[in-house]
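Take a look at the structure set out below.
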Protein chains: 2
Amino acid sequence: MPVCRLTIEYDGSRFSGWQVQPDCRTVQGELKKALATVMREPVDLQGAARTDAGVHALGQVASFEAQALPDPERLARSVSALAGPDVAVTEAALAPDGFNARFDATGKRYCYAVLSRPTPSPLFARTSWFVPRPLDLGAMRAAARVLVGTHDFAGFRSSDCGRKTTERTMARVEISEHERGLVTIDVEGTAFLKNMVRIMAGTLVAVGHGRFPPDVTARLLETKDRTKAGPTAPPHGLTLVEVLYPEGGLRRR
Amino acid sequence: MPVCRLTIEYDGSRFSGWQVQPDCRTVQGELKKALATVMREPVDLQGAARTDAGVHALGQVASFEAQALPDPERLARSVSALAGPDVAVTEAALAPDGFNARFDATGKRYCYAVLSRPTPSPLFARTSWFVPRPLDLGAMRAAARVLVGTHDFAGFRSSDCGRKTTERTMARVEISEHERGLVTIDVEGTAFLKNMVRIMAGTLVAVGHGRFPPDVTARLLETKDRTKAGPTAPPHGLTLVEVLYPEGGLRRR
């Protein structure tokens, strides 16, 4: 059956996350409703990342199978128009046979935005964590560097994370300074545990505030003790930027 | 009397513009209320730019005189906290004697953001003009280039603009392409007529759509006929980025 691949942008503020849940407004739920109208049949929509309530996306990817696919640009427009102003399909394309947005993903890029300055930002309030005290970026960078590579990230997951394996590979954990007090933490990895990027961000900000020494990340990788990490940073600072796939779209399984 | 200079950020969506008006929520009005509470006396707040309803600012500048000024950082925090989530004082500082944010300004930088792609952007909807049809950026750049320099901009102002002189100098009218379909028009000039940047943006987008030839801007500078320009682009795509002052803060008068 033909497979359709969608690239999706959303403002997570008013969603209870990606995944369909009873009696909750979710991104997957709104898209499934819109797709059912456009496709005239219910579809099984597979998302690459199950983002939490409040988390945003610029490049979420999802896929579904259908007997016959309409013109991709028309599909993108109709679904975007039906699904409401806080979610849009930015791209729709025919995918290789058997493509599954979730199982073929080889990596993801997230960006956690921190606003570090004395007063809040009206224009970036929805998409960044306001942290009025100054940050020691040198200390944060030293703590971030240790996270790059293949490690057991059991110390960086929420207590209700159900994953059996906790080894993950981070290709990048990078801290950048921008205009007007904006600091971003860019994280790229093969896969992520529950709340992993937000616990990383909370811990790195605690390092930036001098509440933890920079070697806290090394100790957390060693001890795997979540209770010694920083707080889980709030969801609205986090954006799923991109989902990575192998060339050709399919991962060898 | 000591003068205080404020740098101000706002999300213009829910404001009836900068300037105080009876029975309307305005940026100047909310700031004056907050300042009266903090300063324990009414203040005369002078803003550098009278932005329209819906227009945003990252770097509006305003000034006021007072017998005694509190610590600038405390002032910025208190006023931001009192004025509501869509406006913040990002910087407060003592200014040179006699400084006036409006009369000492030597220039302003605006950014007009256009989102040119098939479907809207949930994350940038509040701060950009969604224009689904593709834009010819080459034609837009040719039309923009003509606007740089000193010209009579009478063809680029709204019919109710009360300014007597219409000669203005533009140091920059630049079109840049960014990720995800975002196109920005950066304009820097000595001063602006009413709706001038929005009429420029509306005209340049009409050129980008092939509705006007690129030489329309040259003809408008010559004929000064507003009715031959493009539509006034919507306010929510416009952001006042920066107000420019001479070194030392005071303009020779």
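Residue-wise HN-Hα couplings along the stretch A:6-14, as the Karplus relation 6.51 cos²θ - 1.76 cosθ + 1.60 with θ = phi - 60° gives them from phi, are 10, 9, 10, 10, 8, 8, x, 3, 9 Hz; Gly and Pro carry x.
A cut-off under 12 angstrom between Cβ atoms defines the neighbours of B:Val27, and their net charge, with Lys, Arg +1 and Asp, Glu -1, is 0.
Can you sort B:His209, A:His178 by how many other beta carbons sit within 10 Å, fewest first?
Values: B:His209 17, A:His178 10.
The order, fewest Cβ neighbours first, is A:His178, B:His209.
Among residues of chain B, the one whose Cβ lies closest to the rotation axis carrying chain B onto chain A, together with that distance rounded to whole Å, is B:Arg126, 4. Listed by number, the DSSP H helices of chain A that run 15 Å or longer by alpha-carbon position along their axis and have mean Kyte hydropathy of at least 1.0 are A:196-208. Computed 3J(HN,Hα) for the stretch A:170-177, one whole-Hz value per residue from the Karplus formula 6.51 cos²θ - 1.76 cosθ + 1.60 where θ = phi - 60°, is 9, 8, 7, 9, 10, 10, 10, 9, glycine and proline marked x. Going by neighbour counts of Cβ atoms within 10 Å, the residues B:Phe99, A:Phe156 line up, fewest first, as B:Phe99, A:Phe156. The other copies place their B:Pro70 label points at 5.7 nm from this one, listed shortest first, where each point is 7 Å from Cα along Cα→Cβ. Between copies, the label points of B:Gly98, set 7 Å from Cα on the Cα→Cβ line, lie 8.0 nm apart, reported in increasing order to one decimal in nanometres.
Less than 5 angstrom separates the built amide H of A:Ser128 from none of the residues sequence-distant by 5 or more or on a different chain. Any idea how far the Cα center of the stretch B:1-74 sits from the one of the stretch B:152-169, in Å? About 26 Å separates the Cα centre of the stretch B:1-74 from the one of the stretch B:152-169. Taking chain B as a Gaussian network, Cα atoms linked when under 10 Å apart, which of B:Ser116, B:Ser80, B:Ser159 shows the biggest mean-square fluctuation? Answer for the Gaussian network model of chain B: B:Ser159. Cβ crowding within 10 Å, taken as a proxy for footprinting-reagent exposure, orders A:Met1, B:Met39 from fewest neighbours to most as A:Met1, B:Met39. Mean partner shielding of peptide B:122-132, defined as the number of other chain Cβ atoms within 10 Å of each residue Cβ, is 4. Beyond 29 Å in Cα-Cα separation lie the following of the pairs A:Lys32/A:Lys228; A:Lys108/A:Lys164; B:Lys108/B:Lys224; B:Lys32/B:Lys228: A:Lys32/A:Lys228; B:Lys32/B:Lys228.
Within 10 Å of the Cβ of each residue in A:45-54, the mean number of Cβ atoms contributed by other protein chains is 0.
When chain A is treated as a GNM with alpha-carbon contacts under 10 Å, the residue of A:Pro214, A:Pro234, A:Pro118 showing the greatest mean-square fluctuation is A:Pro118. Counted over the protein assembly as shown with a bin width of 20 Å, the fraction of Cα pairs per bin, in whole percents, is 21, 47, 30, 3. Peptide A:111-119 is shielded by partner chain Cβ atoms: per residue, an average of 3 of them sit within 10 Å of its Cβ.
Every number in this text was worked out from the coordinates using simple rules, so none of it is lab data. None of these values were measured; they are calculated from a predicted model. Because the Cβ atoms are built from the backbone with ideal geometry, glycine has one as well, and the counts that use them run over all protein chains shown.
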